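The values are calculated or read from the model by the stated rules, or taken from the named source; none is laboratory data. These numbers were taken from a predicted model, which means no experiment stands behind them. Every residue, glycine among them, receives a Cβ derived from its backbone with ideal geometry; neighbour counts consider all protein chains shown.
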Amino acid sequence: MTTKSYMKAARIHQYGGPEVIRYEDAPIPEVGDDEVLIKVSATSFNPFDAKLRSGAFKAFLPIELPFTLGVNVSGIIEKKGESVNTFRVGDKVYGFIDVTKNGAAAEYVVSKAVDIAHAPKNFDLHEAGVVPNVALTAWQALFDYGKLQPGQRVLITAASGGVGTLAVQLAKWKGAYVIGTASKKKFSTLEQLGIDEIIDYNSQPIVESLNGKVDVIFNLSPVGQSELNKLLYTLNEGGIFISTTTPVDENLAKELGVKAVRINSQRNSAQLAEIAALLDAGLLKPDITERIGLSELAEVHRKFENGEISGRVLITVEGEEFK
């Protein structure tokens, strides 16, 4: 149990560019009755963090400054509130942090106990830190909204990204026929995941390249609505279009007899427990493209702004060993 009162954290004191991120001393947070204090093993970079840092969300997602970034966490429980009976001190956990509260780009973070799950037992604890929000996004899109069933056909746009690669694996695990869009250089990554078909979005028009209609479309591409509307015509009647980015025309969807929804991932510890089992079984693996230390977080944000980030960036906390 820590006796320190301060920790290292990557925080912002104002909205702005990557330069507003400070790697500095910050108070170790206090633990509420229904919360746990996690000694952080790792977190990860998410585009959401960059938008939050820039002030893009300040009108509808107010945060108290200074603010610690990082929506994902993996680590070990250091303290727990009196009403917490689902975890013990020393348990390895992972989770998706409440985005309105201080995040996990720090040596310690507090989370509601209901938002975290036991980390996968046979999977590297650091690597678990890139999984929660992207895996939950894929899970909820395909299964909660898409109701994906074995034998159905699913199209995943931008399939080679952090969410997309996990969505491909989850859809294959469910027994679906999986079609994805990606750039040519990412084909080998998706082929290793067992994808059934790949469309090169740089050279192949998606609608014309599809060999038959699909039951579910999971859109992760940030293209405009008029372009996405074309994809509605590729859905079977009763099919569903799920987007994390641009929404499609809902009136057009109704005319075509299909459904359309735009989603944001939600915290869900029960789903994280199921995802942990898949990680342990070797049926799910995140695509980690880079590993950095916590003090380098501002540099990752700079690289993202310059379009140099692809896949998942794992952010480890220096000076700590988690076996």
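Would you please name the residue that is surrounded by the fewest Cβ atoms within 10 Å (Cβ to Cβ), looking only at residues in region 123-164 that are in contact with a Pro (Cβ under 9 Å, 6 or more places away or on another chain) and hydrophobic (A, V, I, L, M, F, W, C)? Per the criteria, the residue is ALA158.
Under 6 Å between Cβ atoms, which residue pairs at least 6 apart in sequence (or on different chains) link something in region 245-267 that is touching a residue at least 60 places away in the same chain (Cβ under 8 Å) with a partner that is charged (D, E, K, R)? Within 6 Å, the pairs are ARG267/ASP115.
Of all residues in region 5-15, those satisfying the criterion of being in contact (Cβ under 8 Å) with a residue 40 or more places away in the chain and small (Gly, Ala, Ser) are ALA9, ALA10. Summed over region 68-91, residues that are of a type outside the set (Asp, Glu), more than 21 Å from THR137 (Cβ to Cβ) and either in a loop (DSSP other than H, G, I, E, B) or not assigned by TED's automatic domain parsing to the domain that holds ASP34 (or both) total 9. Does region 100-109 contain any residue that is out of contact with any strand residue (DSSP E or B) (no Cβ under 8 Å at 6 or more places or on another chain), over 18 Å from ILE263 (Cβ atoms) and assigned by TED's automatic domain parsing to the domain that holds GLU299? Yes: one or more hits. Quick check on LEU65: is it assigned to a loop (DSSP other than H, G, I, E, B), on the phi < 0 side of the Ramachandran plot and in the same structural domain as GLU19 (by TED's automatic domain parsing)? Against the criterion (assigned to a loop (DSSP other than H, G, I, E, B), on the phi < 0 side of the Ramachandran plot and in the same structural domain as GLU19 (by TED's automatic domain parsing)), LEU65 qualifies. Just checking, does region 16-27 include any residue being out of contact with any helix residue (DSSP H, G or I) (no Cβ under 6 Å at 6 or more places or on another chain), in contact (Cβ under 8 Å) with a residue 12 or more places away in the chain, surrounded by fewer than 18 Cβ atoms within 10 Å (Cβ to Cβ) and closer than 26 Å to ALA117 by Cβ? No, region 16-27 has no match at all.
Against the definition (assigned by TED's automatic domain parsing to the domain that holds GLY103 and touching a helix residue (DSSP H, G or I) at 6+ places or on another chain (Cβ under 9 Å)), how does PHE304 come out, yes or no? The answer is yes for PHE304. Each residue in region 207-231 was checked for being surrounded by fewer than 21 Cβ atoms within 10 Å (Cβ to Cβ), touching a helix residue (DSSP H, G or I) at 6+ places or on another chain (Cβ under 7 Å) and among the aliphatic types (A, V, I, L, M), and 1 of them qualify. Can you find even one residue in region 29-48 that is free of Cβ contacts under 8 Å to residues at least 60 places away in the same chain, more than 22 Å from GLY162 (Cα to Cα) and not in a loop (DSSP other than H, G, I, E, B)? No, every residue in region 29-48 fails to be free of Cβ contacts under 8 Å to residues at least 60 places away in the same chain, more than 22 Å from GLY162 (Cα to Cα) and not in a loop (DSSP other than H, G, I, E, B). For region 178-236, filtered to residues that are among the β-branched types (Val, Ile, Thr) and not in a strand (DSSP E or B), the residue that is nearest to PRO286 (Cα to Cα) is THR189. The single condition among (1) under 30 Å from VAL40 (Cβ atoms); (2) not assigned by TED's automatic domain parsing to the domain that holds ASP115 that VAL258 does not meet is (1). When we screen VAL114, VAL154, VAL168 for residues that are assigned to a strand (DSSP E or B), modelled with pLDDT of 95 or more and not polar (S, T, N, Q), the only hit is VAL154.
Only one of the listed residues (ASN236, ASN211, ASN219, ASN229) is in the same structural domain as LYS184 (by TED's automatic domain parsing), touching a Phe, Trp or Tyr at 6+ places or on another chain (Cβ under 8 Å) and not β-branched (Val, Ile, Thr). That residue is ASN219.
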